[in-house]
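Readers should treat all values here as calculations from the given coordinates under stated rules, not as data from a laboratory. The structure presented is a predicted model; accordingly, all values stated were derived computationally and were not measured. Positions of Cβ are backbone-derived with ideal geometry, glycine not excepted, and every protein chain shown enters the neighbour counts.
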Amino acid sequence: MKKLFGATIAISLTLSVTAAPLTKSDFDASVKLRENWITKTRDLMFPVSWLNDKHEFAYRQSVEGGFGYFVQHAETGKIRPAFDQEALAQALSKAAGEEMSALMLPFETFRFNHDETAIQFSLHYEPWECELATMHCAERSFGDARPRGFGVVRDLRVSRADAVITSGNGELNVTEDGYNLLITDANGNQLYRTTDGVKDNFYDIDSISFSPDGQALSTMKVVPGEPRYVTRVVSSPEDQVQPKVVTQLYPKPGDKVDFDQPVIIDLKAKKQFVIAPDRIPGAYEMSIYGWHKNSDSIIIRYLQRGHQREEVLQMDRSNGAVHAMVSETAETFIYGWTGFFHDVDNAGKEIIWRSERDGWAHLYLINGETGEVKQQITEGEFVVREVQKVDEENRQIYFSANGMNKDEDPYFIHDYRINFDGTDLVALTPEKANHEVYFSDDMQYYIDIYSRVDLPNITKLYKTGEATPIRTVAEADISELLDAGFQFPQTFVAKARDGKSDIWGLIVKPQNFDPNKTYPVIENIYAGPHDSFVPKSFWPFGYHSGGDKVIGMQALANVGFIVVQMDGMGTANRSKAFHDVAWKNLGDSGFPDRILWHKAAAEKYPWYDISGGVGIYGGSAGGQSTLGALVFHPEFYSTGVAFAGCFDNRMDKIVWNEQWLGYPVDESYVASSGTEHAANMTGDLFIIVGEQDSNVDPASSMQVVNALIKAGKDFDLLVIPNGEHSAGRSTGPVDYAQRRQFAFFVEKMKQQRTPNWNKQ
């Protein structure tokens, strides 16, 4: 027996991989795998959106040569093109300055505008709109509101002096008057003016919300934070030779944020009220949900800095009194990113609220007047993921959840209906698969698209309340893809560090896999605590973002590796305790669970070779974890490729890092820093970063470089000029970065020479 990386592993009689050196054509075949395979499915429908107030739904579906966009009538089944794809491709090519193909348009999801005269979609992570009559395409604007750095610091460099906010009935206008607000009627007659606004405590015109009766409004009074600007050099601008300099408002953990105080201005009574600062101590996020329908009060969300206290407040118009409709506290963190709040009948009497207070994410019915729980609506060891609809008339809730079915993958999402009192739970999606459900606006119909990584998409149309589908709308055909050599990933499950929790993952083998040989192992990591990341649906062709997708793993496997992915403890969509592992512990990245998973796979499969150390790669939070693997677990992980990593959480954006590391900034930030511990690295590291990364400050990568140089460590670095956060993964030189990544692993883990790409 041999002792290896803390585990005892039986010596295998299998042969090591001793393939001939890889050629340029081998690498090219892997890099082009997505491009070559993505057109080899038929009738694979995803995603779906219902047209406004109609029983018609729009969708994308795979066709010969690419993808078609269609609209189908629920009742008749009649299908029509959603738009002229050829004309739109030509118009979009001209507007975006890059060649587009009609059957390979650069978006999956699209929506019609309210009158169906235009479609809206995302292009390179920016919102776009194309008018269908004229085929005029352009980036979409969301108004002229003053920008905010990650939602918590206003950019006071942007003036709003000329802004006019008009009420929905057109009878009220609000303008800035210095640091105050001036309210006039449609004829310009002054109705009210605030008088106490000053530079360091001003009224925010962008926060205006009018009462339903048109006689009052709410806004925010703001004590500004301290703006931090990240400066980047555009080394290679497209429109000139000389570099440019850009600055970005970029608050980081610990920075002073704006302090917002909700204000009610009663125009009829000629008075105003503001929440006292001591009622909202340490406010981090303040937002006004809106007015109650009787115009007597407003609803406010208050999140305290540190993410351990959250309240939904009611503020009365008559006297400014404030009371908590809902109060939530946590010893670790409140996972606010997936929160849910619904004010039944918009009356403030009953609140539907999502909470993890019993250890799992569930729905509660709250007395809005007292804040007390009237009824826990859902209960059990499962996770409520999303509420699709609250049917107030019938006092029912339609929601999605995972983990309710104990005989299947606990991450599979299913949809359900339940009464407000927790009775009559009805499962709407019985098939053992991951479900995406889309309800029509009037809830009369829904589309259910279900699949697994080993089951291509099946799409069915249902009448809400009926168990039998109206029809199967589409059933994907992947026969051509299978003929090309596609193989389903293999699911593997092993126990976590607690000895109880199951860790679910995928194994991807080379197309030419030989069970009589051994293969080095590479882990695709994204351990960001804000979700789970192992694919559960079929679609394998997504780009590397929030964890590489199956096609990227297959491409890497094809150059001679086993490539795996798993969700360790510290990620979401399991119990609160499972998720809490990440609290003040981002450097953990679930590695104790991941290492156990690898060892379990190596014990079971003789071809699973971790004897020379495990490789690892990831982007963003996955980039951070990649470096973390090499510096915190150098005895197990040997080689890493890190894209756009937030290597030190003090250098990253405030909104993500304070959620899990808390406030104020303490030693947990230092403990999780790959930069601080870079000298511990003994393996091989390749860093890839876009110089214009607006998500993670690219200086974070440079500080790792600096630390490695000071420690005398060797490493590789690729800086992509003009590249954004997704550069080399889903935008920018994807093929180039992928080829460099693959070659790095081949050279370092297999000790094989790779082609000289500078020679023909």
Separation of alpha-carbon centers, segment 182-259 and segment 328-354, rounded to whole Å = 27
task = Kindly state, to the nearest 0.05, the FRET efficiency for residue 86 paired with residue 134, given R0 = 22 Å and r defined as their beta-carbon distance.
result = 0.90
query = What distance in nm separates the simple spin-label points at residue 148 and residue 694, each placed 7 Å from Cα in the Cβ direction?
reply = 1.8
key: Qualifying GluC sites (Glu not before Pro) in segment 293-348, DSSP loop, other Cβ atoms within 10 Å at most 16   = 331
key: Reference-scaled alpha-carbon Rg (2.2 N^0.38 Å with N residues) for segment 487-749   = 0.93
Residues in segment 601-643 that a label on residue 682 would reach, taking backbone N under 11 Å of a point 7 Å out along Cα→Cβ = 633-638
query = What relative contact order, as a whole-number percentage, does the chain give when Cα pairs under 8 Å and 6 or more residues apart are counted?
reply = 10
inquiry  = What lysines does residue 54 reach when the alpha-carbon gap must be under 24 Å and sequence neighbours fewer than 8 apart in one chain are set aside?
reply    = 78, 389, 460, 463
ask   = What order, most packed first, do the peptides 350-357, 609-616, 199-206, 99-106 have when packing is the mean number of other Cβ atoms within 10 Å of each residue?
value = 609-616, 350-357, 199-206, 99-106
query = How large is Rg over Rh for segment 401-552, taking Rg from the Cα atoms and Rh as the Kirkwood inverse mean of 1/r across Cα pairs?
reply = 1.01
query = When only Cα pairs under 8 Å and 6 or more residues apart are kept, what is the percent relative contact order across segment 145-334?
reply = 14
key: For segment 465-529 versus segment 371-393, the gap between their alpha-carbon centres in whole angstrom   = 31
request  = Express the Stokes-Einstein translational diffusion coefficient of segment 45-141 in µm² s⁻¹, to the nearest whole number, given a Kirkwood radius over alpha-carbon pairs, 25 °C and a viscosity of 0.890 mPa s.
outcome  = 180
query = So which GluC sites (Glu not before Pro) in segment 386-442 are both in a DSSP loop and have at most 15 other Cβ atoms within 10 Å of their Cβ?
reply = 392, 393
request  = Grab the DSSP H runs of the chain that are 4 residues or longer, score each as -39,500 (n - 2.57), total them, divide by all residues and round the 222 nm result to the nearest 500 deg cm²/dmol.
outcome  = -4000 deg cm²/dmol
task = Sort out for me the Cα centre separation of segment 273-297 from segment 31-70, rounded to whole Å.
result = 44
ask   = Across 10 Å bins from the origin, how do the percents of Cα pairs in segment 145-334 run, short distances first?
value = 9, 32, 32, 17, 8, 3, 0
request  = Using Cβ-Cβ distances only, list the Cys residues of the chain with no partner cysteine under 4.7 Å, sorted by number.
outcome  = 646
key: For the chain, share of DSSP beta bridges that run antiparallel, in % to the nearest 5   = 85
task = Quickly rank 209-217, 116-124, 725-733 as a protection proxy: mean count of other C-beta atoms within 10 Å, highest first.
result = 725-733, 209-217, 116-124
query = If you take all C-alpha pairs in segment 520-640, what percent of them are over 17 Å apart?
reply = 54
inquiry  = Quick check: residue separation of residue 240 and residue 109 times 0.36 nm, minus the Cα distance between them. What number comes out in nm?
reply    = 43.7 nm
remark   = With a Förster distance of 45 angstrom and the Cβ-Cβ distance between residue 163 and residue 23, calculated FRET efficiency to the nearest 0.05 equals 0.15
ask   = Per the Kirkwood definition applied to all pairs of different Cα atoms, how many angstroms is the hydrodynamic radius of the chain?
value = 28.4
ask   = With a ≥ b ≥ c the root eigenvalues of the C-alpha gyration tensor of segment 261-397, is it rounded (a/c under 1.5), prolate (a/b larger than b/c) or oblate?
value = oblate
request  = Using only the Cα atoms of segment 318-357, build the gyration tensor, take square roots of its eigenvalues as a ≥ b ≥ c, and label the shape rounded, prolate or oblate: rounded if a/c is under 1.5, else prolate if a/b is larger than b/c, else oblate.
outcome  = oblate
message = Given R₀ = 41 Å, what would the calculated FRET efficiency be for residue 278 paired with residue 455, taking r from the Cβ atoms and rounding to 0.05?
response = 0.15
